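Working notes, structure below.
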Ligand SMILES: Cc1ncc(COP(=O)(O)O)c(C=O)c1O
């Protein structure tokens, strides 16, 4: 194989491009560039996909989180945030006027870590479905949250199409925030989607995204901002979920292929039976940092450009956040995983080459 396989490529099928171009012409002819019929259709289609009553399209996943936390009245509260997540999860929490309190996580949340981190002022917990992985502790955490009066907010930035035992991401807490950024499995270039079953929360989030304007009288009754999604962006998102297979159906199947065919004794592809996966990331876990680095180098020298980690720097190492503390699970996870190339358009030959390269990797003896 001569060309390097990239970690990810934003690619669109012929049918998706045709749908988008038709929609773009209609939008330009209509003169309605924001908050129009394409936004509404994207919202309705995504609500059906996530089994929720309401979806609200906004300008980014970060803003989806901030809006959700504000609309839920969490300003001034402590909010539990996993140490292993994107900067945006904590940033949005701070922007909403809440205080992020970190709990230690490897790939997914545990009840034990949440319980350890909870403070007297904690009113919410954010569950982040890293790479599309939903925590196996979900039922225990849901019960705990109900007992302690905590709101569960899903940061589902990576989890379009993920599900646990038939329950889709987006429907697992009070509300969820998805990202439709350029690297996401469902993308609008920049954008986000909020899902909820709570009609009052849905109405408020719609108000927040449009400068906080009250629908009845146009007065800015809540501190919203310009958090709308343009119609052209909504049309791009809609084009990806109108026809089967959707990018997330492809993503799930590609992840299954990795999980079924990688059988190197040192490499674990996390995969829970009964779960569906967005296919946002193909995470491979190694026993030690040295082995992770060695596999990474091996892949690179055979024409494969793996992404290093989902996150190489957990939040307590991000200088801008000022969140210090000791989070050994997050540190260990960051140092011992990498992401194999994965995007809906990856070819069977490319995936076969990656699988063969992993399976025939020979770790150095002293690192075994
Ligand atoms: C876990 C997580 N939350 C939130 C975000 C923010 O999404 P956006 O870039 O759309 O603002 C990201 C972005 O990659 C993310 O990975």
**OP:** Being crowded, with 23+ Cβ neighbours inside 10 Å and within 16 Å of the ligand (Cβ to nearest atom) is the filter here, so list the residues in region 36-61 that pass it.
**Re:** 42, 46, 55, 56, 57, 58, 61
Original post:
Which of the following residues is more than 14 Å from the chain's Cα centre (by Cα) and more than 16 Å from residue 147 (Cα to Cα): 106, 124?
Top reply: 106
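Would region 207-215 turn up any residue that is away from the ligand (no atom under 11 Å from the Cβ) and surrounded by 21 or more Cβ atoms within 10 Å (Cβ to Cβ)? Lay out the reasoning, then the answer.
Initially, region 207-215 is screened for residues away from the ligand (no atom under 11 Å from the Cβ), giving 207-215.
Next, only the ones that are surrounded by 21 or more Cβ atoms within 10 Å (Cβ to Cβ) stay: 208-209.
There is at least one residue in region 207-215 that is away from the ligand (no atom under 11 Å from the Cβ) and surrounded by 21 or more Cβ atoms within 10 Å (Cβ to Cβ).
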Original post:
Applying the selection to region 291-312, what residues are assigned to a helix (DSSP H, G or I) and surrounded by 15 or more Cβ atoms within 10 Å (Cβ to Cβ)?
Top reply: 291, 292, 293, 294, 295, 296, 298, 299
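A quick yes/no check of all residues on (1) within 16 Å of the ligand (Cβ to nearest atom); (2) in contact with a strand residue (DSSP E or B) (Cβ under 9 Å, 6 or more places away or on another chain); (3) under 29 Å from residue 117 (Cα atoms); (4) without any contact (Cβ under 8 Å) to a residue 60 or more places away in the chain:
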{"residue": "254", "(1), (2), (3), (4)": "no, yes, no, no"}
{"residue": "258", "(1), (2), (3), (4)": "no, yes, no, no"}
{"residue": "265", "(1), (2), (3), (4)": "no, no, no, yes"}
{"residue": "271", "(1), (2), (3), (4)": "no, no, yes, yes"}
{"residue": "283", "(1), (2), (3), (4)": "yes, yes, yes, no"}
{"residue": "292", "(1), (2), (3), (4)": "no, yes, no, yes"}
{"residue": "297", "(1), (2), (3), (4)": "no, no, no, yes"}
{"residue": "320", "(1), (2), (3), (4)": "yes, no, yes, no"}
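Taking residue 112, is it assigned by TED's automatic domain parsing to the domain that holds residue 208, over 22 Å from the mean Cα position of the chain (by Cα) and under 20 Å from residue 129 (Cβ atoms)? Don't jump to the end; show me each part of the working.
Numbers: assigned by TED's automatic domain parsing to the domain that holds residue 208: yes; over 22 Å from the mean Cα position of the chain (by Cα): yes; under 20 Å from residue 129 (Cβ atoms): yes.
It is true that residue 112 is assigned by TED's automatic domain parsing to the domain that holds residue 208, over 22 Å from the mean Cα position of the chain (by Cα) and under 20 Å from residue 129 (Cβ atoms).
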**OP:** Please tell me if residue 265 is over 27 Å from residue 205 (Cβ atoms), surrounded by fewer than 21 Cβ atoms within 10 Å (Cβ to Cβ) and at pLDDT below 95.
**Re:** no
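Regarding residue 234, is this residue touching a residue at least 40 places away in the same chain (Cβ under 8 Å) and over 19 Å from residue 72 (Cβ atoms)?
Values: touching a residue at least 40 places away in the same chain (Cβ under 8 Å): yes; over 19 Å from residue 72 (Cβ atoms): yes.
Judged against the criteria, residue 234 is a match.
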Original post:
Restricted to region 30-88, and to residues that are assigned to a loop (DSSP other than H, G, I, E, B) and without any contact (Cβ under 8 Å) to a residue 12 or more places away in the chain, which residue is nearest to the chain's Cα centre (by Cα)?
Top reply: 73
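May I ask you to list the residues in region 246-265 that are within 17 Å of residue 357 (Cβ to Cβ) and assigned to a loop (DSSP other than H, G, I, E, B)?
Start the filter on region 246-265 by keeping residues that are within 17 Å of residue 357 (Cβ to Cβ), which leaves 254, 257-265.
Within region 246-265, 262, 263, 264, 265 qualify.
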Original post:
In region 90-105, what residues are surrounded by 23 or more Cβ atoms within 10 Å (Cβ to Cβ) and either near the ligand (Cβ under 10 Å from one of its atoms) or within 20 Å of residue 159 (Cα to Cα) (or both)?
Top reply: 90, 92, 93, 105
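The values are calculated or read from the model by the stated rules, or taken from the named source; none is laboratory data. Everything numeric here is computed off the predicted structure, so don't read it as measured data. Glycine also receives a Cβ, built like all others from the backbone with ideal geometry; neighbour counts cover every protein chain displayed.
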